[in-house]
Amino acid sequence: MPLAFAALLRKDLLSTMRRWQEPAALLIVAGVAGLASSYMVSGPAAPIAEYEDAAAVLAAGQILTMLIVSLAAGFLAVLREAEKGTLDGLRASAIPPEELFLAKLAYIYMLVASLSLAYALSTAFLASWSQLVSPAYIAMVMVVSLYFSAAAALTSFMIVYSESRSLLSIVVLAGLLTPYLQQAVQPLGYAAAGLATLGDTALLAGVAVAFTVIATLLSKPLAEI
């Protein structure tokens, strides 16, 4: 592992430990999303009764959690550094832009993947839905989290010097996610219903890895803007 990558990732993790309230707040968000989804499929007056429809609702809650966490993680990893003025120093240093981008991406992925798992675990418990902790579902969540993380990192680097970061981050991230979600939503719903296939997971993984590579290559020209 390159030294710069490890040092940057360590810096972000230490910063997160000092500001533990931020990941704790995101954990609460994941838990609340899990509670709401669980109530819709297993509450006293649950409006969703059909098994596959219920699985789709739980998968939608998973996607919503990923979206919220991705937006927050992009801010914590990149945009806040820009506001503090420290990102300029990193970009002007001898650290290769791709290495800087990958360090930020790894940090964002840790947040998105761990909090996505928190949603899955809490929902599996609250809704008594064991499929959400099956290896097939967890594998798909990890794969989808990679794409979300790469999109969040790329979005943050694209809009880092915009005056309307808050609004643009939502718009740009939504634009980057839409093509992938058209492929991912249905397989994630099938996985929540226990109907996942290895082919679906492999396809989503291939697209996520390809997008991550493209985003990393784009980080060099973005660093020069």
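The values are calculated or read from the model by the stated rules, or taken from the named source; none is laboratory data. This one's a predicted model, so the numbers in the text were calculated from it and none came from an experiment. Please note: Cβ atoms are built from the backbone with ideal geometry, for glycine as well, and neighbour counts cover all protein chains shown. Accessible surface is based on the protein model in full, side chains and every heavy atom, while ligands, DNA and RNA are left aside. Shrake-Rupley method; radii C 1.70, N 1.55, O 1.52, S 1.80 Å.
Considering Ser162, Ser169, the condition of being surrounded by fewer than 16 Cβ atoms within 10 Å (Cβ to Cβ) and not acidic (Asp, Glu) is satisfied by Ser162 alone. Looking only at the range 162-208, which residues are touching a residue at least 40 places away in the same chain (Cβ under 8 Å) and polar (S, T, N, Q)? Scanning the range 162-208 gives Ser169, Thr201. Take the conditions surrounded by fewer than 18 Cβ atoms within 10 Å (Cβ to Cβ) and either part of a helix (DSSP H, G or I) or touching a Pro at 6+ places or on another chain (Cβ under 8 Å) (or both) and apply them to Pro187. Does it pass? No: the conditions fail for Pro187.
Quick grid of which residues meet (1) open to solvent by 30 Å² or more (accessible area, probe 1.4 Å); (2) without any contact (Cβ under 8 Å) to a residue 60 or more places away in the chain; (3) within 14 Å of Ala72 (Cβ to Cβ); (4) not small (Gly, Ala, Ser):
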site	(1), (2), (3), (4)
Asp12	no, no, yes, yes
Glu22	yes, yes, yes, yes
Ile28	yes, yes, yes, yes
Ser37	no, no, no, no
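For the range 146-159, the condition of being modelled with pLDDT under 90 and not in a helix (DSSP H, G or I) holds for at least one residue. Please verify whether the range 84-101 includes one or more residues that are touching an Asp or Glu at 6+ places or on another chain (Cβ under 6 Å) and in contact (Cβ under 8 Å) with a residue 24 or more places away in the chain. Yes, because at least one residue in the range 84-101 is touching an Asp or Glu at 6+ places or on another chain (Cβ under 6 Å) and in contact (Cβ under 8 Å) with a residue 24 or more places away in the chain.
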